[in-house]
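See below for the structure under consideration.
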């Protein structure tokens, strides 16, 4: 699918007719791939890398364009079960055109960064900046989810909450690698700013972007380390909760067994005391009830 946009008065506007300055190819089909490779001279391997979630961020220079592949968070769906994935995006910067290749249809040009753009280079850099902001939003969401799961683990004996935490920890590892890879890309963009044709404003924006990405990387690393260090403690909490439940069930079983033993003892088919007593039933009943009450008092006094 193809979306075409033009830059009008500092904003990106959908192109009604004719080619746009910004072309977004969403999961390009064979016809669109052929056009990109043959007409725009985009390397087929590089095109495939733009759709590969495992491809690291990188910067390449071609005779007619500059290739920028960067990482962004993949749109989360319920079927992912707390696993936050990473996707790749390819930005091919020509002199007067920007071609973007993505593997899924997601909002790309939302937020304040796209309120004032003047060139395709501005759009490419702000697209990378939006990716960094998106990582920060997801990391904060992961932290909120882990805090909620932590509260549930305190009272739960099930393993599913721990499994969710393991999945979140795995997501943070993916995010850390992706953010770190984007950081290397930003540094290369800054070092080759003159070769790419960035303006002084673009270079200044790259400095701000580098700071934001470093903060994002540090935040991801901290959350990942904290989550990893607390996993053993939370697993011990689940085990301790299970032991408490087993102990409670054992005490309840003992409390039931005592009156059962008393009643069974006086129900034996042999000569026993109270066999001829007129109130034997009530005496045995009182003795059985007294054994259960005694067990309850011991449970309460000793705080079992």
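The values are calculated or read from the model by the stated rules, or taken from the named source; none is laboratory data. For clarity, every value in this text was computed on a predicted model and none was experimentally measured. Reconstructed Cβ throughout: ideal geometry from the backbone, glycine too, with neighbour counts over all protein chains shown.
Worth pointing out:
- Filter pass, residue 24 being on the phi < 0 side of the Ramachandran plot, modelled with pLDDT under 90, assigned to a strand (DSSP E or B) and out of contact with any helix residue (DSSP H, G or I) (no Cβ under 8 Å at 6 or more places or on another chain): yes
- Residue match in the stretch 261-276 (condition: more than 30 Å from residue 134 (Cα to Cα), at pLDDT below 70, surrounded by 11 or more Cβ atoms within 10 Å (Cβ to Cβ) and assigned by TED's automatic domain parsing to the domain that holds residue 83): no
Rundown of residues vs (1) under 30 Å from residue 117 (Cα atoms); (2) in the same structural domain as residue 73 (by TED's automatic domain parsing); (3) in contact (Cβ under 8 Å) with a residue 60 or more places away in the chain, yes/no style:
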site: 179; (1), (2), (3): yes, yes, yes
site: 186; (1), (2), (3): yes, yes, no
site: 248; (1), (2), (3): no, no, no
site: 254; (1), (2), (3): no, no, no
